[in-house]
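Bear in mind that the values in this text are calculations on the coordinates, not laboratory data. It should be emphasised that the depicted structure is a prediction, and the values quoted were computed from it without experimental measurement. Counting neighbours? That spans all protein chains shown, and the Cβs are built from the backbone with ideal geometry, glycine included.
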Amino acid sequence: MEPRMNLFANPLGAAIGKRIYATNTAIKESSLPEPVQELVQLRASQINGCGFCVDIHTKNAEAADETSNRLNLVAAWRHTTVFTAAERAALALTEEATRIADAAPGVSDATWDAVRAHYDDDQAVALVSLIAMINAANRLSVILNYQGGSYEPGKLAAIAG
């Protein structure tokens with residue numbers, strides 16, 4: 001299947017894509033740990049069925065020395081022993097925030113309390129923003145029919161540059 005359009009080939013699309021990338025760069029430069037960032041983006045992308053983003057975040061995590069065992073278990077993180085309490089809080093927030101339309105209450109107080117127990121204000125802002133941004137990126141990629149499988153770490157920076 002072919003992509004429906006190349007966002008970056010359109011001047012407006014390129015401007016929007018560059019701003020999304022700039023926001024993600026600010027998040028990446030925050031004190032939110034890089035492994036948490038990749039795990040969160042991978043989990044949201046799995047939930048949203050975005051093969052393009054699953055490919056990106058799996059390979060970026062591997063390039064940052066994340067283990068294949070942990071990456072393989074992200075989809076079933078609640079039933080594993082390989083994630084820290086802080087990572088579990090971030091993954092719970094990711095799931096609840098990504099599934100807002102599926103769950104009337106949205107993000108539970110218990111999940112938010114767990115996040116705040118592990119992350120300071122800047123990290124919490126970065127985490128919430130990251131979840132919002134990856135959900136936006138997933139939707140763009142799914143709508144435009146971007147396919148996973150051929151991503152090479154660092155390639156996204158070259159496209160959005």
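Computed from label points 7 Å out along Cα-Cβ, the spacing between residue 1 and residue 122 is 4.1 nm. Highest average first, the peptides 135-142, 101-108 ordered by how many other beta carbon atoms sit within 10 Å of their residues are 135-142, 101-108. Loop-located GluC sites (Glu not before Pro) in the stretch 27-123 (DSSP state other than H, G, I, E, B) with a sparse environment of at most 11 neighbouring Cβ atoms within 10 Å: 29.
Spin-label pair residue 82-residue 136: with each label point 7 Å from Cα along the Cα-Cβ axis, the two points sit 3.1 nm from one another. Looking at the stretch 49-123, none of the trypsin sites (Lys or Arg not before Pro) sits in a DSSP loop with at most 11 other Cβ atoms within 10 Å of its own Cβ. For the stretch 93-146, the list of chymotrypsin sites (Phe, Trp or Tyr not before Pro) that fall in a loop by DSSP and count at most 16 other C-beta atoms within 10 angstrom is empty.
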